[in-house]
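Student: Shown below is the structure under consideration.
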Amino acid sequence: MRRPSVWKTAFGLKRAVVEDVCVENDERLVVSVRPHSRELDRCPYCRRRCPGYDLGEGRRRWRTLDVGTMLAYLEADAPRVSCKRHGVVVAAVPWARHDSAFTRQFEDQVAWLTVQASKTAVSELMRIAWRTVGWICRRVSDEALATRDLCSGLTRIGVDEISIRKGQRYLTVVVDHDTGRLVWAAPGRDRRTVEKFLDLLGKQ
Ligand SMILES: [Zn+2]
């Protein structure tokens, strides 16, 4: 392998070292990586450094963005650590969210595409199962929502209903009138649905 830094840049790898790159069966690119030493043995929930527990289930792969027409994977050890607060867990890796078989870049792209296109189109383009698209979107949005209060700074809102699946089902959506940003959405279009949002907003 020449120039590991090229692969590191190509895959947007930060806080990690590329050890090797190979092509498997002419159809898969596999990049062996390891986290930087200061990223090792961290709990995926609290990010604290923890004592090692065991080697877990050995080497593991994370699907990452394709290279040309080839599927691409990062491969690394996936040891377990023993966190005082969270128990025995697979150590965090800088390139993927916890409990995911995909890299952050891959998941972020799937989530972005799902906002722009149908779930079926995303599943075909990204070569993943239809259900996987939903799981990925859930992980990406949970992470984003954990650090953001969508109701903060709201002064004027708009509430509307949209039909999905040819009018069979409805969603109530709330947008920030000043920015056009989606604030909240939930299945249903009755008073109770709107009240759920008002409860979330609180009295103040
Ligand atoms: Zn922890």
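The values are calculated or read from the model by the stated rules, or taken from the named source; none is laboratory data. These numbers were taken from a predicted model, which means no experiment stands behind them. Heads up, the Cβs are rebuilt from the backbone with ideal geometry, glycines too, and the neighbour counts pull from every protein chain shown.
Student: Mind checking which residues of segment 34-48 are surrounded by fewer than 16 Cβ atoms within 10 Å (Cβ to Cβ) and touching a Pro at 6+ places or on another chain (Cβ under 7 Å)?
Tutor: none
Student: Hey, can you tell me all the residues within segment 83-101 that are near the ligand (Cβ under 8 Å from one of its atoms) and surrounded by 15 or more Cβ atoms within 10 Å (Cβ to Cβ)?
Tutor: Listed by number, the residues that qualify are Cys83, Val89.
Student: Something else: Given the conditions (1) surrounded by 12 or more Cβ atoms within 10 Å (Cβ to Cβ); (2) more than 23 Å from the chain's Cα centre (by Cα); (3) within 15 Å of the ligand (Cβ to nearest atom), which single one is not true for Pro51?
Tutor: (1)
Student: Return a yes/no flag: does segment 31-41 have any residue that is in a loop (DSSP other than H, G, I, E, B), farther than 18 Å from Phe106 by Cβ and small (Gly, Ala, Ser). Walk me through how you get there before you give the answer.
Tutor: Residues of segment 31-41 in a loop (DSSP other than H, G, I, E, B): 36, 40-41.
Keeping just the survivors that are farther than 18 Å from Phe106 by Cβ gives 36, 40-41.
Of the ones still in play, those that are also small (Gly, Ala, Ser) are none.
So far as segment 31-41 goes, no, none of its residues is in a loop (DSSP other than H, G, I, E, B), farther than 18 Å from Phe106 by Cβ and small (Gly, Ala, Ser).
Student: Taking the conditions exactly as written (modelled with pLDDT of 90 or more and surrounded by 11 or more Cβ atoms within 10 Å (Cβ to Cβ)), does Val173 satisfy them or not? Don't jump to the end; show me each part of the working.
Tutor: Working: modelled with pLDDT of 90 or more: yes; surrounded by 11 or more Cβ atoms within 10 Å (Cβ to Cβ): yes.
Criteria met by Val173.
Student: Could you identify the single residue in Val17, Val23 that is under 15 Å from Ala72 (Cα atoms), more than 16 Å from the ligand (Cβ to nearest atom), part of a strand (DSSP E or B) and among the hydrophobic types (A, V, I, L, M, F, W, C)? Even if it seems obvious, please write down each step before you answer.
Tutor: On the way: Val17 fails: under 15 Å from Ala72 (Cα atoms).
Within the list Val17, Val23, the selection yields Val23.
Student: Could you count how many residues in segment 12-40 are among the basic types (Lys, Arg) and under 12 Å from Trp95 (Cβ atoms)? Lay out the reasoning, then the answer.
Tutor: Here is the first cut: in segment 12-40, the residues among the basic types (Lys, Arg) are 14-15, 28, 34, 38.
So of that shortlist, the ones also under 12 Å from Trp95 (Cβ atoms) come out as 14-15, 34.
Matching residues across segment 12-40 total 3.
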